[in-house]
Amino acid sequence: MLAKRIVPCLDIKDGKTVKGINFVNFRDAGDPVELGAQYSREGADELVYLDITASHEGRKTFTELVKKVAANISIPFTVGGGINELKDVDRLLSAGADKVSVNSAALRNPSLIEEIAKNFGSQVCVVAIDANYEDGDWICYLNGGRIPTEKHLFQWAAEAENLGAGEILFTSMTHDGVKDGYANDALSTLADNLHIPVIASGGAGKMEHFRDTFARGKADAALAASVFHFGEIGIADLKLYLNKEGINVRI
Amino acid sequence: MDVAIIKYNAGNIYSVSYALKRLGVSPVITADPELLNKADKVIFPGVGEAQTTMDYLKEHKMDAVIKDLKQPVLGICLGMQLMCRHSEEGDAECLGIFDAEVKKFIPHRHEDKVPHMGWNTITQVKDGLFTAQLENKFVYFVHSYYVPVNEYTAATTNYIQPFSASLHKDNFYATQFHPEKSGSVGEVILRNFLKL
């Protein structure tokens, strides 16, 4: 049976791992290649590396990092951040990334999804959506959660699927950094609406939260950052716990 | 040991190269028939679309070269599918090393997502690439087309229905999954191939 995936996410700034609490303040959390290798040994199923530097110099550093990750780590990894056009995708896939995640650029120019799917296949195209729950609706945000858009989560996710997205990575801004569980109701609706895998993101604080997002949120994968980076939850322990709770995971 | 990776218009070639380097082998990535023929082992990787890729191989006369290889050959993912007779993807006539048809996954339930992407288990594993310890181990898959279970099936995975996770005939070995992305289990499988 296809296993549910545990996905540590590493936010990278100037070649180092950082993690935002509600998308603002950062704390340092180590060397990205070392950390990724350690997660891989502990049983992570995939890794996500997000480039949060916007400068040209930072982007070159990130591409070099992607090469190092590809050379050293034997599980799939997705890269995102600062992908605006097809040639960014080409650069990162050529550096050895397995998938790319697009966010703001896809919101501004949805045909980017179509172009990625056509040129490299849907399986490499992860569409990341940052959405916040406001007045009974999920509003999609641009630029790392700074600028609200006219798009609504469920409508945009369905549109992305139709354009050729291979996966949806949904980060609930409402839940991110709060450590009180994932946005399981919205995730469950996404799973019912879509025909592609959904990665849950934002809100992991305890092992139970992972169980709930798989069981109630019907997520295919669960992403988390700080609980792993700061050693609050060990991936090997998490997998044993999930297995005991009847969730099919790779052990 | 000389290991050659077949260079053609497909993605993912470098991942295989990196995986071999982690095992202490430095492969040559080439389309040169001479280098391919004299290598001790040949790997035929691939991510891409069947028809486009077959057209490219035929145009560059690489189809005959691959079929005539005598040393152990490992096809990965699309590489494995192209080693079959025919693929529903673009109605492609393939290499015909394995007399098998490549079919598109048809979901039965809403939960059956295509592509089949992620970690799944291999069962009924046979000697060659596998040892008994690899039974029920997880490996990493990304594919929308599959090869049904047939006389060459060397490992089986169940997704929507049982399908060939691996094929073997004479000197030709193949995996639908990506050993180069399958962590320590994948490393064991690649090592087993290098030992053949």
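Residues of segment A:44-72 that are under 14 Å from residue A:10 (Cβ atoms), in a helix (DSSP H, G or I) and within 14 Å of another protein chain (Cβ to nearest Cβ): A:66, A:68, A:69, A:72.
Answer with yes or no whether residue A:83 is in a strand (DSSP E or B), at negative phi and more than 14 Å from every other protein chain (Cβ to nearest Cβ).
When the stated conditions are applied, residue A:83 does not pass them.
Flag set for residue A:200, criterion: surrounded by 24 or more Cβ atoms within 10 Å (Cβ to Cβ) and closer than 28 Å to residue B:109 by Cα.
Among the residues of this structure, residue A:210 counts as one that is within 18 Å of residue A:227 (Cα to Cα) and hydrophobic (A, V, I, L, M, F, W, C). Here residue A:224 passes the criteria (1) under 26 Å from residue B:115 (Cβ atoms); (2) of a type in the set (Gly, Ala, Ser); (3) surrounded by fewer than 24 Cβ atoms within 10 Å (Cβ to Cβ) except the one numbered (3). Among residues of segment B:105-120 that are more than 8 Å from chain A (Cβ to nearest Cβ), those with a Cβ under 9 angstrom from a residue that is surrounded by fewer than 18 Cβ atoms within 10 Å (Cβ to Cβ) and of a type in the set (A, V, I, L, M, F, W, C), sequence gap 6+ or separate chain, pair up as B:105/B:160; B:106/B:160; B:108/B:160; B:109/B:160; B:112/B:106; B:112/B:160. Taken over segment B:116-143, the criterion of being hydroxyl-bearing (Ser, Thr, Tyr) and touching a Gly at 6+ places or on another chain (Cβ under 9 Å) is satisfied by B:140 alone. Condition test on residue A:84, is it closer than 27 Å to residue A:151 by Cα, surrounded by fewer than 18 Cβ atoms within 10 Å (Cβ to Cβ), at pLDDT below 95 and within 16 Å of the chain's Cα centre (by Cα)? Against the criterion (closer than 27 Å to residue A:151 by Cα, surrounded by fewer than 18 Cβ atoms within 10 Å (Cβ to Cβ), at pLDDT below 95 and within 16 Å of the chain's Cα centre (by Cα)), residue A:84 does not qualify. Determine whether segment B:163-174 contains at least one residue that is within 12 Å of another protein chain (Cβ to nearest Cβ) and either surrounded by fewer than 20 Cβ atoms within 10 Å (Cβ to Cβ) or modelled with pLDDT of 95 or more (or both). Looking for residues that are within 12 Å of another protein chain (Cβ to nearest Cβ) and either surrounded by fewer than 20 Cβ atoms within 10 Å (Cβ to Cβ) or modelled with pLDDT of 95 or more (or both), one finds none in segment B:163-174, hence no.
Here residue B:144 does not fit the description of being closer than 22 Å to residue A:43 by Cβ, touching a residue at least 12 places away in the same chain (Cβ under 8 Å) and either touching a strand residue (DSSP E or B) at 6+ places or on another chain (Cβ under 6 Å) or not β-branched (Val, Ile, Thr) (or both). Which members of segment A:116-135 meet the condition of being at pLDDT 95 or above and more than 14 Å from every other protein chain (Cβ to nearest Cβ)? Selection gives A:127, A:128, A:129, A:130, A:131, A:132, A:133, A:134.
The values are calculated or read from the model by the stated rules, or taken from the named source; none is laboratory data. All figures in this text were calculated on a predicted structure; none of them were measured in a lab. As a convention, Cβ positions derive from the backbone with ideal geometry for all residues, glycine included, and neighbour counts pool all protein chains shown.
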